[in-house]
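FYI, it's all coordinate maths here, none of it is from the lab. Everything quoted here is computed from the prediction, not taken from an experiment. Heads up, the Cβs are rebuilt from the backbone with ideal geometry, glycines too, and the neighbour counts pull from every protein chain shown.
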Amino acid sequence: MARTKLIAGNWKMNGSLAANEALLGALRAGLEGQQGACTVAVAVPAPYLAQVQSLVAGSAIQLAAQDVSQHDGGAYTGEASATMLREFGTRYVLVGHSERRQYHGESDAAVAAKAQKALAAGITPIVCVGETLAEREAGQTMDVVRRQLAAVVHTNGHCISEIVVAYEPVWAIGTGRTATPQQAQEVHAVLRAQLAAATGQADRVPLLYGGSMNAANAAELLAQADIDGGLVGGASLKAQDFLQIIAAARATQA
Ligand code: 13P
């Protein structure tokens, strides 16, 4: 079964009212000229959700958030609930990005709870998994990603076919050091098998690759059997680069 490719930009803590308007204007114009299927999303900093909601209205660009609380509401200073994100038309939310795991101590259990809150609010969680360089060198890659995904599978049971998974090796994020298509495919195949064991519908779950994906390397990564799209950091801030990645994704479906 051919899965429609998904290209999601993760802006991280970048942007401004003016820069967002310019970037989305260029993306909207560029997308109009493209043919073929591909879902496109941008994960923006929370203060810009309302602005970007109106900037993408009437376009094919979907709105995504970068994090969600594992709580429903109340005394959790600084957090935003899934229900709040939904009010702004948020379609996807990243959960368990390695920067959240690393700098904010997010555990596998917290990530699983966040995915659960997103699903309950009708938002698709993009669950990020990935090993550090030390873990890869110690031969622990598959154990780490399986453990991270298992927590989400365990908590979310039958809803698991509604998620998106992003494999982002920590050593490839923002380093310019991309996983080879073979390295990425090897991990994606393991994740697919794990999902297949958990749900009869593993074929439905898009598996994205993230980590220094750019206009030059996207086509080869996206041609792999189990790579259904990309989670793009730095290159998603440059309209032409992001458009080229989207075009590469469309070309694999042609
Ligand atoms: P880069 O594309 O900048 O390496 O970032 C990847 C990432 O972390 C996307 O979530």
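Details
- Debye, to nearest 20: dipole size of the range 44-109, +1 on Lys, Arg Cβ, -1 on Asp, Glu Cβ: 200 debye
- Taking GLY30, GLY230, GLY58 as the candidate residues, the one with maximal mean-square fluctuation in a Gaussian network model of the chain, Cα springs under 10 Å, is GLY58.
- Label-point separation in nm, GLU32 to LEU17, each point 7 Å along Cα→Cβ: 2.5 nm
- Distant-in-sequence amide contacts of VAL232, defined by a placed amide H-H separation under 5 Å and a gap of 5 or more residues or a different chain, comprise ALA8, GLY9, ASN10.
- Simple Cβ-charge dipole of the chain, Lys/Arg +1 and Asp/Glu -1, about Cα centre, in debye nearest 20: 280 debye
- Cβ-defined net charge surrounding VAL42, 15 Å radius [Lys, Arg +1; Asp, Glu -1]: +1
- Prolate/oblate/rounded label for the chain (Cα gyration tensor, a/c 1.5): rounded
- Each Lys and Arg Cβ is given +1 and each Asp and Glu Cβ -1; about its Cα centre, the range 132-254 then shows a dipole of about 120 debye.
- Given charges at Cβ of Lys, Arg, Asp, Glu: the range 70-217 dipole, positive-most of ALA120, GLY130, LEU149: ALA120
- By definition, a body whose alpha carbon gyration tensor gives a ≥ b ≥ c is oblate when a/c is 1.5 or more and a/b is not larger than b/c, and the range 1-94 fits this oblate description.
- Estimated FRET transfer efficiency when R0 is 30 angstrom, pair ALA196-GLN140 (beta carbons, to 0.05): 0.85
- A straight Cα-to-Cα reach below 18 Å connects LYS238 with the lysines LYS12, residues fewer than 8 places away in its own chain not being considered.
- Cβ-based net charge around ILE173, under 15 Å, with every Lys or Arg adding one and every Asp or Glu removing one: +1
- Dipole axis of the range 1-93 (+1 Lys, Arg; -1 Asp, Glu on Cβ), positive-most option in ALA60, ALA80, VAL42: ALA60
- Over the chain, DSSP H runs of length four or greater, each weighted -39,500 (n - 2.57), average out per residue to a 222 nm ellipticity of -13000 deg cm²/dmol.
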